[in-house]
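Take a look at the structure below.
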Amino acid sequence: MKGLLVLSLLFCMCAMYFVGIYLFVGGFLLVRLEVNRTSTCGDVLQPGEEPVDFCRVQPRFRRAVLLIIDALKIDFARFDPSNTSPRPYENKLPVLEETASSRPSHSRLYPFRADPPTTTMQRIKGFTTGSLPTFVDVGNNFASSAILEDNLIHQFGQVGKRVVFMGDDTWESLFPKKFHRSLPFPSFNVKDLHTVDNGILQHLYTTSDDWDVLVAHFLGVDHCGHRFGPDHPAMADKLTQMDGVIRSVIDRLQNDTLLVVMGDHGMTDTGDHGGESQKETDAAIFLYSPAPLFPGPPSQSEPDVVPQTDLVPTLALLLGVPIPYSSVGQVLLPLFPPLGQTKGAVGELSQLEALWINAKQVNRFLETYSGMAKDIPPESLSQLKDEFAHLSSEYLTTVRDGRPPSPELAVSLQAYLSSVRDTCRATWARFNPFKMAAGLAILAICLLNVENSPGLKAPVVVALTAGLCVAAGQLLTQGYIEVAWCLAAAALSSELLLLWTACRSRTTAVAKNGFKAAKCTSWLTLRRLLIPSLMVLLIRCACLLSDSYVIAEGRVVTFLMFSLALYIPIHLNWDGLLLPPSHDPLKSAGLLPSPALSPSTVRKESSTLLTCLGLLIGSLYLSLSFHGCREEQGSCQPSPFLSPLSRLQDSQLKNLHYILSVSSLGLWTYLLKRCLRHYGNLNSSGGTVFTARWILPLLAVCLGLHWAVSATPEDSFRNLAELISLAQLALPRAAFCLLGLGLFLIWLDPLTVFVKTRAAASARGSSLPPPRYRASTGISPQAELHHLIPQIYQRMRRSLDDGELSGSSDVDSRPAVEAYGLGTVYSAPLLLFCGLLGIGLLLLHPEGMALSFLLLLLEMGALMHIHASSTTLSGGFNVPWTPIVLWSLAATQFFHATGHLPTFPSIQWGAAFVGFPEGHTGTVLPASLVTLNTFASHILFAVGCPLLLFWPLVCEVRGSRGGRACGEEGEDAVMEMRLRENPQHFSAALLQLSTRYLFIHGAQVFASVCAAAILRRHLMVWKVFAPKLMFEASGFLVSSVSLLIGVTLVLRVDVAVGRWFKRIIPDASR
């Protein structure tokens, strides 16, 4: 078997897809251009009537305290005295409403609306720079890099204000060396509710007066939401603690100090955030000062909602520092007195003066940005400039004439500031159409080349040449190399060469053999595309341009799987293959040729197919019980199995869930071992058998114990707290070690063949022919087998010696060597590999997902048996499109059935802390664990994809393929050993299966890419289509790598089988 060639071809195909995805994403998800300029107190903003604009009056406040309570949604901050039975998150912060109502001139409580993405790093960036983070910034949330744009922290330092920080260590990475003093605490461990908050409280009240701005970022509320959700007693405790903190800080404030209590984002009903639903964007902001802060009680003119960007210019002008250069926020007017009510020249800015400075600063940024980038539409830019020119003329005329300004002027300035922000928000998605087009072209050509697999030498040479030429051209013309275009040139040139070679070979075949050859060599024809399996794929790809489909994809994919699976028996029945043909005595024998399969075999295979179809439909139906909910789905309720056991308050329900989970885990382990034992693969003494006998059950035991420990409430066994903490650390790590050891042993020694040699064989003379070789059908007490592989590898003799001696019949006809498990030598290690990997991936999921994983295993088995029975009834060796499409749909279907969704809030971040409850020092390991959790179904189905090639051969044990497949009537089937009879056919079938699987996932990525490109200005692009593109692309990358792992394992088994044959029969040629 040409294993290296198969692997090289697959690797090249994957690389081409990767380059196409990389180019498109690089053109689609570009960060907006950052203006790296800073404001200073000496800036003169145009039109300039005053000598300076910033820092020209005495600041209203000398000091400020910023208490940031992560995920403080507005619902947490409200207080309803009529609510006599509040939920855990209700009425737990009464200090905010009490103070706002009792001291209306000193305090206000507003909804504080964040711009998506609602992740902590982007929110910190938003309310310190006043800018609008773009979609792609979400990728930096857990690898925060320093903020280079002008920001409040930098401005405080520029004017000599000492900033002291304590809390979330994200601030340290965003503002390195910017603090006078800092006390950062690790923030990534969402299971830790107290370390950060308690660390802050140890220093908050005792800190010295060496500060002008104090920033404290509490994380307990956010972590409690992630771990338990908002509707949990732990949330009540956290909010009550925050209430006490706010009261204590208020009591310690001086008159020259401003207190700002705010949340950076909200949270969903499940405690997550990251998206743009109102529950995620609406936080709370509370403003207070011991000195009067507002002119009076709230009026009708006050805003209903405060955008987070508005905090930046407001704090800057109140504290006497320049507004950051790139801020597009507008001042919060109620904090500034109306014109004529200021306290003199050295006092405060009036509302109109603050708005005028704010408008000039925003106009300066707009002019600078539009001169550097050309992405703002010219008509919008011209309209904004004309509007500002008109407002400037009106304001300056009013000031020169000394007359009071009209009330409409302030309203017009506010409208101008809002228009600038809306325009920037609408246009800050800088697309690179050339990269997007190149990515689309490469992906499209990759799909056209799905079944073209000529040699590798010429495409590789052409790719290297094209890439080097482009690199040289860039060096000569630009002075630097842009790797993306070098990759694009290499990929496009090699893909076009492959396409041209395929077309040329097809033309040559037509010239030699006529139209028939053209049919054989071309697959991408209308007739081939209209087969039901590819029609289902095309329908799904077309539907990816619909936001409604993306939102309801989990259920639609389930329906598509059901429909396509139902097509198989209908198609077989249409062709007259599902039932035995009835004998018609009136027709001559010549008109009704004798069937290749006996009626009993047809009935048996049909019964198996229909039974497995029923199992598949049942699994599909039950899997719908494990889906999550998008916020667009309204009244949808997420599956209760998605909640970890630690969140459940009802002890009986918790016990029931635990019993179901452990039972599912036990059944998973039993079914795997039962299958391996059934085919005689548990009788040797190799590493794979050791893994199946010992490591697999031990891993299941570790997982069950880990669930029990994790479900234990923290205050249940106080005397055993240290032991429980140790178990939470040791059990999952032990499971990881067992998993790694098991996978390594499977790779090291993949054979599961038990050999029994007759002693008489060694006494035979050298003149006798080589011994026959078989895998016995009898029950062997010595091997303790339940069911032995029934086939004798009778053709081994012919492969060794074309001229078998006629005198061999005089010798004892009983084979000298018997091998058990040889018929499933390829599928057994692959099946065990998938089963072991499945338990490892289950470790990263909530306990309730064990039942979903069991359904996944049953669905995989049902699909394989349906394919095997269908192949037996219809014939053929290569894997057709229908089972491959079903297999890929199952990967997507179980992505949803394990609680995942193509949205960022649905990512199960808790997977990063399985085995690492104290958190991580880097980001690679937690990112890897979250990726394994998110794409578990993609991994399992991609690694197990070669099973579709093996399983029809495995099922020959029922004697269904005999004479038709083997060539001689009545000859025993040889199961997977048939693959070694024709290694070229084996290589071609494995390559075709893999490329078809890549094609299906590549087509889905291509459809998502097209949707994102065509709908890039659509209202839902950043909410639906862009996240879908990211998840599809990531799923393709994971699936490709997993498929390569599965194929590599098959090739590793093939090498081991070849060496085994050479040991058994030294003269073996392969």
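How do 550-563, 33-46 rank on mean C-beta neighbours within 10 Å, highest first?
Highest to lowest by the protection proxy: 550-563, 33-46.
Given R₀ = 60 Å, what would the calculated FRET efficiency be for LEU396 paired with ALA927, taking r from the Cβ atoms and rounding to 0.05?
Using R0 = 60 Å, I get an efficiency of 0.65.
Considering the stretch 1-134, what Rg and Dmax in Å follow from its alpha-carbon atoms?
Both quantities, over Cα of the stretch 1-134: 26.5, 84 Å.
In terms of modelled amide H atoms, which long-range or inter-chain residues lie less than 5 Å from the amide H of LYS2?
Those qualifying (amide H under 5 Å, at least 5 residues apart or on another chain) are SER987.
Hey, any idea what % of the stretch 182-255's accessible area is carbon plus sulfur with a 1.4 Å probe?
Answer for the stretch 182-255: carbon and sulfur cover 50 percent of the accessible area.
For the stretch 601-741, what log10 I(q)/I(0) values come out of the Debye formula at q = 0.20 1/Å, with one point per alpha carbon and no solvent?
Log-scaled intensity ratios, in q order: -1.24.
Starting from the Kirkwood Rh over alpha-carbon pairs, what translational D in µm² s⁻¹ does the stretch 216-364 have by Stokes-Einstein at 25 °C and 0.890 mPa s?
It diffuses with D of about 140 µm²/s by this estimate.
Taking the Cα-to-Cβ direction at LYS385 and at LEU7 and moving 7 Å from each Cα, how far apart do the two end points lie in nm?
Here the answer is 6.1 nm between the modelled labels.
For the stretch 307-339 and the stretch 384-403, what is the centre-to-centre distance using only Cα atoms, to the nearest Å?
Value for the Cα centre distance between the two parts: 21 Å.
Could you check the spin-label model distance between SER299 and GLN633? Points 7 Å from the Cα along Cα→Cβ, value in nm.
That separation, rounded to one decimal, is 4.8 nm.
Of PRO230, HIS217, ALA291, which is farthest along the charge dipole of the stretch 215-294 in the positive direction, counting Lys and Arg as +1 and Asp and Glu as -1 at C-beta?
ALA291
Can you give me the accessible area per residue for the stretch 214-367, using a 1.4 Å probe, in Å²?
With the other protein chains kept in place, the stretch 214-367 gives 28 Å² per residue.
Can you check what the Kirkwood hydrodynamic radius comes to for the stretch 1-77, Cα pairs only, in Å to one decimal?
About 20.1 Å, per the Kirkwood formula over Cα pairs.
Grab the beta carbon distance between ALA458 and ILE531, set R0 = 41 Å, and tell me the FRET efficiency rounded to 0.05.
With R0 = 41 Å, the Cβ-Cβ based efficiency is 0.80.
What does the charge add up to near HIS1001, with Lys and Arg as +1, Asp and Glu as -1, over the other residues with Cβ less than 13 Å from its Cβ?
So the surrounding residues net to +1.
For the stretch 242-284, give the magnitude of the charge dipole about the Cα centre (Cβ charges: +1 Lys/Arg, -1 Asp/Glu; no others), in debye to the nearest 20.
Result for the stretch 242-284 is approximately 240 debye, rounded to the nearest 20.
Which FRET efficiency, nearest 0.05, do GLU367 and LEU475 yield, Cβ-Cβ r, R0 41 Å?
Efficiency, rounded to the nearest 0.05: 0.70.
Order these peptides, 1050-1059, 272-281, by their mean beta-carbon neighbour count within 10 angstrom, highest first.
Going by the mean number of other Cβ atoms within 10 Å, highest first, we get 272-281, 1050-1059.
What translational diffusion coefficient, to the nearest whole µm²/s, does the stretch 288-427 have by Stokes-Einstein, given a Kirkwood radius computed over alpha-carbon pairs, a temperature of 4 °C and 1.567 mPa s viscosity?
81 µm²/s
Heavy atoms only, probe 1.4 Å: what % of the accessible area of the stretch 662-730 goes to carbon and sulfur, would you let me know?
Ligands and nucleic acids excluded, carbon and sulfur give 64 percent.
Read phi for every residue in the stretch 66-73 and hand back ³J(HN,Hα) as whole Hz from Karplus 6.51 cos²θ - 1.76 cosθ + 1.60, θ = phi - 60°, with x for Gly and Pro.
Per residue, the Karplus-derived 3J(HN,Hα) values read 10, 9, 9, 9, 4, 6, 6, 6 Hz.
Accessible area per residue for the stretch 33-96 in Å², computed with a 1.4 Å probe and the full protein assembly in place, what is it?
Result: 45 Å² of accessible area for each residue.
Going by a ≥ b ≥ c, the root eigenvalues of the Cα gyration tensor, does the stretch 657-704 fall in the rounded group (a/c under 1.5), the prolate group (a/b larger than b/c) or the oblate group?
Since a/c reaches 1.5 but b/c is at least a/b, the shape of the stretch 657-704 is classed as oblate.
Give the accessible surface of the stretch 989-1062 per residue, rounded to a whole number of Å², with probe radius 1.4 Å and ligands, DNA and RNA excluded.
Roughly 27 Å² per residue, with all protein chains present.
Where the accessible area of the stretch 263-365 is counted over protein heavy atoms with a 1.4 Å probe, how much of it, in %, is carbon and sulfur?
Summing carbon and sulfur atoms, their accessible area is 54 percent of the total for the stretch 263-365.
Once the Cα gyration tensor of the stretch 264-339 is found, what semi-axes does its equivalent ellipsoid get, as square roots of 5 times the eigenvalues, in whole Å, sorted largest first?
With the √(5λ) rule applied to the stretch 264-339, the semi-axes are 26, 17, 11 Å.
Dipole size in debye (nearest 20) for the stretch 163-286 around its Cα centre, Lys and Arg Cβ +1, Asp and Glu Cβ -1?
That gives the stretch 163-286 a dipole magnitude of about 280 debye.
With θ taken as phi - 60° and the coefficients 6.51, -1.76 and 1.60, list the Karplus ³J(HN,Hα) couplings across the stretch 85-95 in order, rounded to whole Hz; mark glycine and proline as x.
3J(HN,Hα) across the stretch 85-95, in whole Hz: 10, x, 6, x, 9, 9, 6, 9, 10, x, 4.
The values are calculated or read from the model by the stated rules, or taken from the named source; none is laboratory data. Predicted, not measured: the structure shown is a model, and the values here were computed from it. FYI the Cβ positions are ideal-geometry reconstructions off the backbone, even for glycines, and counts take in every protein chain you see. Areas reflect the complete protein model, heavy atoms only, side chains present, ligands, DNA and RNA absent. Shrake-Rupley method; radii C 1.70, N 1.55, O 1.52, S 1.80 Å.
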